[in-house]
């Protein structure tokens, strides 16, 4: 569908190259309503997607989350992206609190849990997940390149491209695999599992967490390189799926950009699990009338 590609690849150029799209903003909370019936909200979105021949875009996030707010700002404030969403998606938001609410609604799509916020679920009207494990790639959504978000969503909207586009690419998977903290995490997980300190299930969960974090860092790096070089950028796999020939391969530049970002991924997982447990305990002990 050529008009989608024009919308994304030429329509975004003015806002991307103008510089304002790259700044991180303190976006207003997009209203991930804490007390909403998430199952009913999702059921309604799937029914509408089925009736309108669209995809459901279900954002699992939280009002406290900077990147949940940042992604909302991209989808709502940019005219081209908001048009793409209106034409091809049914957009709803589901509150996950500190990754302790509505996890069953992620599980209905085959995703075990929220490893970070936001988590993006793209589903057809029958409730079949379309974007697989890339649902966990968006923990740095506020720093992601606008063109990266747009081309990703264009891919899952079913776009068909014709001709060439002036968009650079970067191999997100290769960037993630080369990120030193991810390499270290995989080595440590393997060692702990071999030593009997981590179960097979625990190791698989830790790998999933680390993979999503590494891919999120890769998207952050893509955004920063695109900003520095004043180019549009997207994941190689997304451009290939759309049949677009990229202008330049920036994979090496992104790998270099993120190589200095350091974190202990397994320690981060432990910390997040503690936050989730505390939030769950507070919800269970809070008087019912205070939750309304």
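The values are calculated or read from the model by the stated rules, or taken from the named source; none is laboratory data. Just so it is clear, the structure is predicted and the values come from calculations on it, not from any experiment. All Cβ positions, even for glycine, are placed from backbone atoms using ideal geometry, and neighbour counts span all protein chains on display.
General remarks:
- For the range 97-113, a residue qualifies if it is touching a helix residue (DSSP H, G or I) at 6+ places or on another chain (Cβ under 7 Å) and under 28 Å from residue 51 (Cβ atoms), and the qualifying residues are 102, 105, 111.
- Of the candidates 56, 86, 45, the single residue that is crowded, with 21+ Cβ neighbours inside 10 Å and free of Cβ contacts under 8 Å to residues at least 60 places away in the same chain is 45.
- The range 89-113, residues that are assigned to a helix (DSSP H, G or I) and either over 15 Å from the mean Cα position of the chain (by Cα) or free of Cβ contacts under 8 Å to residues at least 12 places away in the same chain (or both): 103, 104, 105, 107
- Here residue 124 clears all of (1) out of contact with any strand residue (DSSP E or B) (no Cβ under 8 Å at 6 or more places or on another chain); (2) surrounded by fewer than 19 Cβ atoms within 10 Å (Cβ to Cβ) except the condition numbered (1).
- Meets criteria (within 26 Å of residue 78 (Cβ to Cβ), in a loop (DSSP other than H, G, I, E, B) and touching a helix residue (DSSP H, G or I) at 6+ places or on another chain (Cβ under 7 Å)) for residue 150: no
- Within the range 120-143, the set of residues being touching a helix residue (DSSP H, G or I) at 6+ places or on another chain (Cβ under 8 Å) and without any contact (Cβ under 8 Å) to a residue 60 or more places away in the chain comprises 129, 131.
- Checked against (1) under 17 Å from residue 150 (Cα atoms); (2) touching a helix residue (DSSP H, G or I) at 6+ places or on another chain (Cβ under 7 Å); (3) modelled with pLDDT of 95 or more, residue 250 meets all criteria but (1).
- Subset of the range 30-65 [at pLDDT below 90 and out of contact with any helix residue (DSSP H, G or I) (no Cβ under 6 Å at 6 or more places or on another chain)]: 31, 32, 33, 34, 35, 36
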